[in-house]
Amino acid sequence: IAVASQLSIFLWSIDSSTCSLSLKGHTDDVLCGCASEDGEWFASGSADTTVRIWDLPRGEVLHTLRGHCNSVTHVAFSRDMKFVYSLGLDLQLIAWDVQSGVQIC
């Protein structure tokens, strides 16, 4: 389970009811998040206009994605987990390559 509190994301273990990981890096409120189906990655969107893709086993940012000009309100992984889609208050829907961090469209 993921919970965002201002600039941080806390991942909680359902089994132990403890915080298993804290992700910090956004510079404004975290507004949305989504884990990949395999549990390897977590994507987060923020009022700082960025999308961050996190490497969960390492607990580190894999990519900081810049392409929105307003808050990012929704993020989702594609079924094959090759892409992350983000939607912002700027009404842009952007597709990102997870491995490279490159904006696809």
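Taken over segment 82-93, residues that are in a loop (DSSP other than H, G, I, E, B) and farther than 14 Å from residue 39 by Cα amount to 4. Beta carbons closer than 7 Å, at least 6 apart along the sequence or on distinct chains, never pair a first residue in segment 57-77 that is free of Cβ contacts under 8 Å to residues at least 12 places away in the same chain with a second that is part of a strand (DSSP E or B) and open to solvent by 70 Å² or more (accessible area, probe 1.4 Å). Of the strands (runs of 3 or more DSSP E) contained entirely in segment 11-71, those carrying at least 1 residues that are within 17 Å of residue 89 (Cβ to Cβ) fall at 30-35, 41-46, 50-55, 60-66. Taking the criterion of being assigned to a strand (DSSP E or B) and among the hydrophobic types (A, V, I, L, M, F, W, C), the residues of segment 1-10 that qualify are 2, 3, 4, 9, 10. Residues in segment 1-44 that are of a type in the set (S, T, N, Q) and either exposed (fewer than 13 other Cβ atoms within 10 Å of the Cβ) or modelled with pLDDT under 90 (or both): 5, 6, 8, 13, 16, 17, 18, 20, 22, 27. Any residue at all in segment 74-81 that is open to solvent by less than 60 Å² (accessible area, probe 1.4 Å) and farther than 15 Å from residue 35 by Cβ? No - not one qualifying residue is present in segment 74-81. Among the conditions (1) in contact (Cβ under 8 Å) with a residue 12 or more places away in the chain; (2) out of contact with any Lys or Arg (no Cβ under 8 Å at 6 or more places or on another chain); (3) among the polar types (S, T, N, Q), the only one that residue 8 does not satisfy is (2). The combined condition, being modelled with pLDDT of 80 or more, open to solvent by 60 Å² or more (accessible area, probe 1.4 Å) and under 16 Å from residue 83 (Cα atoms), is not fulfilled by residue 60.
The values are calculated or read from the model by the stated rules, or taken from the named source; none is laboratory data. If you're wondering where the values come from, they're calculated on a predicted model, not measured in any experiment. Note that we place each Cβ from the backbone using ideal geometry, even for glycine, and neighbour counts take in every protein chain shown. Remember, those area values only see protein heavy atoms, side chains included, never the ligands or the DNA or RNA. Shrake-Rupley method; radii C 1.70, N 1.55, O 1.52, S 1.80 Å.
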